[in-house]
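Chemist: To start, I am sharing the structure in question, which I have written as structure tokens.
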Amino acid sequence: VYWPLFVLIFYVLSPIPTFISRRLSDDDSSSNACRELAYFLTTGIVVSSFGLPVVLARNNTIRWGACGLVMTGNAVIFLTILGFFVVFGGGDDFSWEQW
């Protein structure tokens, strides 16, 4: 059963709003509407990626063990994406922005 692989779409979509908001907003103020919207959209994508396996398991499309494995994979992947933004998100000399 390959239904849990639809979560891969969320892995690709989750960093896109943050990339766009960092490119469009130049100031580092604490309140920026573009950045807040990007955080909102990213949160919606992440919550949807955790909700999809639960919906599939409740409909008996996948088993609950597979749901647990997908949830664990979600946590690992999203923590990795968060780590990428924490390490490479700053404007210092060691940054992905200089490429």
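The values are calculated or read from the model by the stated rules, or taken from the named source; none is laboratory data. All figures in this text were calculated on a predicted structure; none of them were measured in a lab. Positions of Cβ are backbone-derived with ideal geometry, glycine not excepted, and every protein chain shown enters the neighbour counts. Side chains are part of the model used for accessible areas, which takes the heavy atoms of the whole protein and leaves out ligands, DNA and RNA. Shrake-Rupley method; radii C 1.70, N 1.55, O 1.52, S 1.80 Å.
Chemist: Quick check: anything in region 9-18 in contact with a Leu (Cβ under 6 Å, 6 or more places away or on another chain), open to solvent by less than 50 Å² (accessible area, probe 1.4 Å) and either part of a helix (DSSP H, G or I) or modelled with pLDDT of 95 or more (or both)? Please lay out each step first, then the result.
Modeler: Going through region 9-18, the residues in contact with a Leu (Cβ under 6 Å, 6 or more places away or on another chain) turn out to be 17.
Right, trim to open to solvent by less than 50 Å² (accessible area, probe 1.4 Å) and you get 17.
From what's left, either part of a helix (DSSP H, G or I) or modelled with pLDDT of 95 or more (or both): 17.
The answer is yes; a qualifying residue exists.
Chemist: Still on this model: Inside region 39-70, can you point out the residues that are over 30 Å from S21 (Cβ atoms), open to solvent by less than 80 Å² (accessible area, probe 1.4 Å) and assigned to a helix (DSSP H, G or I)? Break it down stepwise before answering.
Modeler: Step one: of region 39-70, the residues over 30 Å from S21 (Cβ atoms) are 56-69.
Then keep just the ones that are open to solvent by less than 80 Å² (accessible area, probe 1.4 Å); that gives 56-57, 61-62, 65-68.
Correct list: L56, A57, G65, A66, C67, G68.
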